[in-house]
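Down below is the structure, laid out as C-alpha cells.
The values are calculated or read from the model by the stated rules, or taken from the named source; none is laboratory data. Bear in mind the structure is a predicted one, so any value in this text is a computation, not a measurement. Cβ coordinates were reconstructed from backbone atoms using ideal geometry, including for glycine residues, and neighbour counts include every protein chain displayed. The area values use the complete protein model at the heavy-atom level, side chains included, leaving out ligands, DNA and RNA. Shrake-Rupley method; radii C 1.70, N 1.55, O 1.52, S 1.80 Å.
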Amino acid sequence: MYELELHRLRSAELRRTAREERLAREVVRSRRAARRGRSGNAAPAAESHTGGSRRNGLPHTA
C-alpha cells in the first residue's frame, strides 16, 4: 500500500511538472508571435540573430 501511494504522488508530481512546462512553452510561443506581429515582419528569419554561416572557414587539422 505504501508503494502504491508513493507511485501516485510521483505520478501526480510528474503530471503537474509537465503541465507547467507546457504552459511555459505556450507563453513563450505567444510572446514570440506577438513580437512578430508588432514588427510587421512575419518571416522566421527575423528571429535569427546569426548573421551568416556557423562554420569557421578553416579546416581542422588532424
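Need the full-extension length gain, L58 to L6, defined as separation in residues times 0.36 nm minus the C-alpha distance. One decimal, nm.
Length difference between fully extended and current span is 13.2 nm.
Below 14 angstrom from the Cβ of L14, what's the summed charge of the other residues (Lys, Arg +1; Asp, Glu -1)?
Around L14, the surrounding residues sum to +3.
Probe radius 1.4 Å, ligands and nucleic acids left out: which of E20, E5 has the largest accessible area, and how do the rest follow?
E20, E5
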